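> My structure is below; once you've seen it, I'll send some questions.
The values are calculated or read from the model by the stated rules, or taken from the named source; none is laboratory data. None of these values were measured; they are calculated from a predicted model. Cβ sites come from the backbone with ideal geometry, for glycine too, and all protein chains shown count toward neighbours. Keep in mind that these areas ignore ligands, DNA and RNA; they rest on the heavy atoms of the full protein, side chains included. Shrake-Rupley method; radii C 1.70, N 1.55, O 1.52, S 1.80 Å.
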Amino acid sequence: MRYQTGIFGGGFDPLHLGHVHTILHAAAMCGELNIILSCSESRDRIPVKERYRWLLALTGHLPNVKIRLLPDECATKEEYDSRDYWEEGAARVRAMLGKPVDAVFCGSDYKGQDRWEKLYPEAEVIYEDRSLIPVSSTQIHADPFRYWEYIPETVRPHYVKTVLLAGGESTGKSTLTENLAKCFNTVFVPEAGRDFCAEAGGEDWMTAEDLQKCVLYQKTAVWEGIKKANKILFIDTDALTTKFYIQFLIGNKAKEKPDFSPEGTAEADGKARKQSKKAADDTVKTLALADAVDAVNTFDLILFLEPDVPYIDDSTRSGTIRSDRELYSQQLKSLFDESGYRYHCLSGDYEDRFTAAETLVQALMRGESENL
């Protein structure tokens, strides 16, 4: 090893391939490389826990690399530069390590400033050529998709945009979701409820447990999809849509009066009451689960498909909903309204919907979400 103890510091806000290049080269040259992660609650754009996790994912296979936090209270980088924070930080790093530093790694943009030479006169300063990977954290923060190739895979999920497609039955939701994913060269999350509905033999046969699984599987699939997405993830259906079906499928049943027979026994009547109570309890629990998942859901864009295309019966859909598609579509919209979501309604034929959706997604990708 060329050096016993090296350091490489920064905010890594975000971590990019220039950092990765320096860290891996430095680790190969040091008996111990200490990554000094600067953090400030009032200055950081990205939470320190997330940045720590990125560094850990990058270096977890390297036993000679240690990640150390160096917190401060400065609100801006300018404030950090205006006082003796650099000197204080160097003193804290020495105390933290408890051993001499003989190598300091930094980008070539620091060359000629003599900053690191003054802070660590006992160490050799190694400048990594920034032109090899011409990107900065500031550039990525301003326009992450422009510099996507410089963002490590472990960091990309932080910037992935999520687009939810919602709407009633047979509005072309599933097809449009997949079409958009193919158009934007990314992945999508299919509607979990379709599989559970098919397994049950149709909507009328679905149980509270089926609907609970829909909520949980859908959320888990979104988490996994974000890891694989190329800039954007398309999502077919969410917890609020499942909540609608909870109310429609098991909530309505729970409101039904127990089936008491005029000639029934007390035992039979008691059994009917228990079944009715269980249905009511199942509704409450399943609705609570849907609400809990909805509370942690966030979407960058929501597209709501109107029920003005031909209805296609795939044998799992509800004849009741088909009889008044507009009524049930409005009921679903009201759930989104109650949760405070903004959404765009798409109507017209399938080509009209695809064109409108594509335009809205392109605006989102350009950073025009405030106008959406």
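> Looking at region 153-163, can you tell me whether even one residue there is part of a helix (DSSP H, G or I), among the acidic types (Asp, Glu) and either open to solvent by 80 Å² or more (accessible area, probe 1.4 Å) or touching a strand residue (DSSP E or B) at 6+ places or on another chain (Cβ under 8 Å) (or both)? Talk me through it step by step, then tell me what you get.
Our first condition is that a residue be part of a helix (DSSP H, G or I); within region 153-163, this holds for 156-158.
Then drop every residue that is not among the acidic types (Asp, Glu), which leaves none.
No, that holds for no residue.
> Output the qualifying pairs, or none if there are none: Cβ atoms under 7 angstrom, residues six or more apart or on different chains, first residue in region 84-97 and free of Cβ contacts under 8 Å to residues at least 40 places away in the same chain and over 18 Å from residue 8 (Cβ atoms), second residue among the small types (Gly, Ala, Ser) and outside any helix (DSSP H, G or I).
Cβ pairs passing all conditions: none.
> Ok, one more. So which residues in region 345-372 are touching a Phe, Trp or Tyr at 6+ places or on another chain (Cβ under 7 Å) and closer than 29 Å to residue 141 by Cα, if there are any at all?
The answer is 361, 365.
> Is it the case that some residue within region 91-106 is of a type in the set (Gly, Ala, Ser), under 18 Å from the mean Cα position of the chain (by Cα) and at pLDDT 95 or above? Outline the logic, then answer.
So the first thing to find is which residues in region 91-106 are of a type in the set (Gly, Ala, Ser), and the list is 91, 95, 98, 103.
Subsequent filtering for residues that are under 18 Å from the mean Cα position of the chain (by Cα) retains none.
No, region 91-106 contains no residue that is of a type in the set (Gly, Ala, Ser), under 18 Å from the mean Cα position of the chain (by Cα) and at pLDDT 95 or above.
> Just checking, how many residues over region 184-206 are assigned to a loop (DSSP other than H, G, I, E, B), surrounded by 14 or more Cβ atoms within 10 Å (Cβ to Cβ) and without any contact (Cβ under 8 Å) to a residue 60 or more places away in the chain?
5
> Ok, one more. Quick check on region 107-151: of everything there that is touching a strand residue (DSSP E or B) at 6+ places or on another chain (Cβ under 7 Å) and at pLDDT 95 or above, which residue is surrounded by the fewest Cβ atoms within 10 Å (Cβ to Cβ)?
117
> What's the number of the only condition in (1) over 19 Å from the mean Cα position of the chain (by Cα); (2) open to solvent by 70 Å² or more (accessible area, probe 1.4 Å) that residue 211 fails to meet?
Only one criterion is unmet by residue 211, namely (2).
> Being within 19 Å of residue 46 (Cβ to Cβ), surrounded by 13 or more Cβ atoms within 10 Å (Cβ to Cβ) and among the charged types (D, E, K, R) is the filter here, so list the residues in region 60-78 that pass it.
Of everything in region 60-78, those that are within 19 Å of residue 46 (Cβ to Cβ), surrounded by 13 or more Cβ atoms within 10 Å (Cβ to Cβ) and among the charged types (D, E, K, R) turn out to be 68, 72, 77.
> Show me the helices (runs of 4 or more DSSP H) found entirely inside region 272-372 where at least 3 residues are modelled with pLDDT of 85 or more and open to solvent by less than 40 Å² (accessible area, probe 1.4 Å). I'd like the intermediate steps shown before the answer.
On the way: elements: 319-323, 325-338, 350-365.
So the answer is 325-338, 350-365.
> I would also like to ask the following. Tell me yes or no: at least one residue of region 239-256 is at pLDDT below 65 and assigned to a loop (DSSP other than H, G, I, E, B).
Taking region 239-256 first, the residues at pLDDT below 65 are 251-256.
Then keep just the ones that are assigned to a loop (DSSP other than H, G, I, E, B); that gives 256.
The answer is yes, given that some residue of region 239-256 is at pLDDT below 65 and assigned to a loop (DSSP other than H, G, I, E, B).
> Is there any pair with a first residue in region 167-181 that is among the acidic types (Asp, Glu) and a second that is at pLDDT 95 or above whose Cβ atoms are under 7 Å apart and which are 6 or more apart or on different chains, and what are they?
Taking only residues 6 or more apart or on different chains, the pairs are 178/188.
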